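Here's the structure, in structure tokens; my notes come after.
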Amino acid sequence: PGSSSRSELGLSVDNSGCYNGSWFSNGPVITSVNPTTNEPIARITGASGDDYEACIKAMEEARAGWQAVPAPKRGEIVRQLGEAFRKYKEPLAKLVSLEMGKIYAEALGEVQEAVDICDYAVGLSRMLAGQVLPSERPEHAMLECWHPLGMIGIITAFNFPVAVFAWNAAISLVCGNVSIWKGASSTALITVAVGKIVAEVFERNGLSGAISSVAMGSGRDVGERLISDARLSLISFT
């Protein structure tokens, strides 16, 4: 089922669920199931512990370079992400309807949420202003300057498998952070599809895909490791 939308999104019957610049995986297999019919859609091999560590290592290597990119130019990448979500809006919405179970009209609206937050973040990338404050010292002023947090983790629920990731990622990217994303196991194929859309943009621009890494897996296999990882400065869980 859903083979047409699958192929448009670069998916197959068997898919790797871990990405750090290249797709790979060595963990347990997750079977994607249509919740309406209980028919299998595809299989996703999740991340192992070593796979997760490979993502973190690649993120650490990509972090400084991404932070050095001027915020408006980071915004340009997010603009391209928004254009990519526009391009794949219909096949991605069909996949959301197929794997998550919401009606197609609602699924289209969800992908549009991803488009909209990218548009918002593009504007934000040119408005990351800081205050100029008076100082007690003569001929001095204090400047407020915002710095990226560094590496963050994103965990999303099954009910909004595209929009919630985009809400987090678009804002985080223009702020100069790198991230690792674990989607819900029941919508693992959507996570891979979105990951491929994002990866295409970064790779086309000669940027490290590890800036937006993916580590698909269960809460036990990946989630617990992610939420207890002190190398991540922030965890967004919805």
- Message: Filter region 120-143 down to the residues that are surrounded by 14 or more Cβ atoms within 10 Å (Cβ to Cβ) and in contact with a Gly (Cβ under 7 Å, 6 or more places away or on another chain) and list them by number.
- Response: ALA121, VAL122, SER125
- Query: List pairs: first in region 166-189 and closer than 23 Å to ARG74 by Cβ and free of Cβ contacts under 8 Å to residues at least 12 places away in the same chain, second among the β-branched types (Val, Ile, Thr) and buried (at least 23 other Cβ atoms within 10 Å of the Cβ), Cβ under 7 Å, 6+ apart or cross-chain?
  - Reply: none
- Message: Quick check on SER233: is it crowded, with 21+ Cβ neighbours inside 10 Å, more than 21 Å from ARG6 (Cβ to Cβ), touching a residue at least 40 places away in the same chain (Cβ under 8 Å) and small (Gly, Ala, Ser)?
- Response: no
- Message: Quick check on my filter: what residues within region 197-230 are surrounded by fewer than 24 Cβ atoms within 10 Å (Cβ to Cβ), of a type in the set (Val, Ile, Thr) and closer than 24 Å to ALA42 by Cβ?
- Response: ILE197, VAL201
- Tell me, which helices (runs of 4 or more DSSP H) lie completely within region 10-100 with 1 or more residues that are in contact with a Pro (Cβ under 7 Å, 6 or more places away or on another chain), open to solvent by 10 Å² or more (accessible area, probe 1.4 Å) and not charged (D, E, K, R)? 49-68, 89-99
- Item | Selection within region 182-238 - part of a helix (DSSP H, G or I) and hydroxyl-bearing (Ser, Thr, Tyr) | SER185, SER186, THR187, THR191
- Task: Please enumerate the residues belonging to region 118-155 that are under 29 Å from THR191 (Cα atoms), assigned to a strand (DSSP E or B) and not hydrophobic (A, V, I, L, M, F, W, C).
- Result: GLY153
- Message: Condition first: open to solvent by 10 Å² or more (accessible area, probe 1.4 Å) and in contact with a helix residue (DSSP H, G or I) (Cβ under 7 Å, 6 or more places away or on another chain). Now tell me which residues in region 176-196 satisfy that.
- Response: LYS182
- How many residues does region 102-113 contain that are open to solvent by less than 40 Å² (accessible area, probe 1.4 Å) and either closer than 16 Å to SER5 by Cβ or among the β-branched types (Val, Ile, Thr) (or both)? 4
- Message: Just to check your reading of the model, which residue among LEU173, LEU149 is surrounded by fewer than 22 Cβ atoms within 10 Å (Cβ to Cβ) and either modelled with pLDDT of 95 or more or among the basic types (Lys, Arg) (or both)?
- Response: LEU149
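Quick grid of which residues meet (1) closer than 30 Å to GLY176 by Cα; (2) modelled with pLDDT of 95 or more:
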residue: GLY17; (1), (2): yes, yes
residue: SER22; (1), (2): yes, yes
residue: SER25; (1), (2): yes, yes
residue: ILE30; (1), (2): no, yes
residue: THR36; (1), (2): no, no
residue: SER48; (1), (2): yes, yes
residue: GLU53; (1), (2): yes, yes
residue: ALA58; (1), (2): yes, yes
residue: ARG63; (1), (2): yes, yes
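The values are calculated or read from the model by the stated rules, or taken from the named source; none is laboratory data. All values derive from a computational prediction rather than experimental measurement. So basically every Cβ, Gly included, is an ideal-geometry build from the backbone, and we count neighbours across all protein chains shown. Side chains included, ligands, DNA and RNA excluded: accessible areas come from the protein's heavy atoms. Shrake-Rupley method; radii C 1.70, N 1.55, O 1.52, S 1.80 Å.
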